[in-house]
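A short write-up of the structure that comes next.
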Amino acid sequence: MKKYYFGSNLKMYKTIRETTAYLTSLAELTNDIGREKIELFIIPSYTSLEQASASVDHGLIRLGAQNMCWEEQGQFTGEISPLMLQETEMDLVMIGHSERRHVFGERDEEENRKVKCALDHGLTALLCIGETAEDKQYGVGPEVLRMQLKKGFHEIDSASVGKLWVAYEPVWSIGVNGTPATAEYAEKMHGEIKKCLEEMFGEKSREIPVLYGGSVNPDNGEELIVQPSIDGLFVGRAAWQADRFNELIRNAMKAVGL
Ligand code: PEP
């Protein structure tokens, strides 16, 4: 049975108290959904991680950090070490979110160092990739995704695929000014991503879930999740109220017959 992934990045929203209240509510609301069917994960702000981790059953909701340095320690002011994430018992770390790449100027080479470091520290690496509106306009979206995957997962052994997740988030689709990708477009790009992952990791690549993110909402969640190459939904704004996210998850599950 195919497992579906649902997650949210809380970005620079929610205080510690708001995060723990949100997680408690989300855990309660989704408690009855068998976790053999879905993987539910939330990525709060750094300051919330310790209390978030202590307040939630990781079997119900996996937790992740929004970014991480590739070194354990050193002269990296403002960065967070993998050891610090281990200390808060994080399950995963998001790497290369669109805002990290396009607001803070991160490059594929850095994402690759972070992916390697995450794996070395037993963390699942959620690599975010996506083409810009300009890439799309020039028709080079698939090439850009290939480059981000090949560089981001450079020198990663196929033995590690169990700890790799990918989120396809077209830059033009994210956030308040974003336009959601159509289900047809998203499916086409997911197909390209899966083809590239297969070239890189062979059959084992099928273990890597590829999630769609970018203005997912209650109106488009179902048509996206039923696409054969989409393994999950990575949701921003529409997930930040626990009851709305619960509803979105349940509607998506119904759509795929779970
Ligand atoms: C995101 O920023 O990763 C995201 C998916 O945001 P939204 O759903 O709000 O577009």
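The values are calculated or read from the model by the stated rules, or taken from the named source; none is laboratory data. These figures come from a predicted structure and were not determined experimentally. Backbone-built Cβ (ideal geometry, glycine too); neighbour counts: all protein chains shown. For the accessible areas, the whole protein counts, side chains as well, though only heavy atoms, and no ligand, DNA or RNA atoms are used. Shrake-Rupley method; radii C 1.70, N 1.55, O 1.52, S 1.80 Å.
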message: So H154 passes all but one of these: (1) assigned to a helix (DSSP H, G or I); (2) more than 18 Å from the chain's Cα centre (by Cα); (3) surrounded by fewer than 19 Cβ atoms within 10 Å (Cβ to Cβ); (4) not aliphatic (A, V, I, L, M). Which condition number does it fail?
response: (1)
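Determine which member of the set E36, E71 is open to solvent by 40 Å² or more (accessible area, probe 1.4 Å), under 20 Å from the mean Cα position of the chain (by Cα) and closer than 22 Å to L123 by Cα. Full working, then the answer.
Values: E71 fails: under 20 Å from the mean Cα position of the chain (by Cα).
After applying the criteria, what remains is E36.
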- line: All-but-one check, G178 against (1) closer than 26 Å to I80 by Cα; (2) assigned to a loop (DSSP other than H, G, I, E, B), failing number (1)
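Name every residue in the range 200-226 that is assigned to a loop (DSSP other than H, G, I, E, B) and either of a type in the set (D, E, K, R) or surrounded by 17 or more Cβ atoms within 10 Å (Cβ to Cβ) (or both), in order of residue number. So that I can check it myself, show each step before the final result.
The first filter runs over the range 200-226 and keeps only residues assigned to a loop (DSSP other than H, G, I, E, B), leaving 208-209, 214-220, 226.
If the condition is that a residue be assigned to a loop (DSSP other than H, G, I, E, B) and either of a type in the set (D, E, K, R) or surrounded by 17 or more Cβ atoms within 10 Å (Cβ to Cβ) (or both), then I208, P209, G214, S215, V216, D219, N220 are the ones that fit.
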query: Looking at the range 129-143, which of the residues that are among the aliphatic types (A, V, I, L, M) and surrounded by fewer than 19 Cβ atoms within 10 Å (Cβ to Cβ) is nearest to G213 (Cα to Cα)?
result: A133
message: If I filter the range 157-175 down to residues being farther than 15 Å from V210 by Cα and either touching a residue at least 12 places away in the same chain (Cβ under 8 Å) or part of a loop (DSSP other than H, G, I, E, B) (or both), which single residue comes out as least open to solvent (accessible area, probe 1.4 Å)?
response: S173
query: Does L83 qualify as being away from the ligand (no atom under 14 Å from the Cβ), surrounded by fewer than 18 Cβ atoms within 10 Å (Cβ to Cβ) and hydrophobic (A, V, I, L, M, F, W, C)?
result: yes
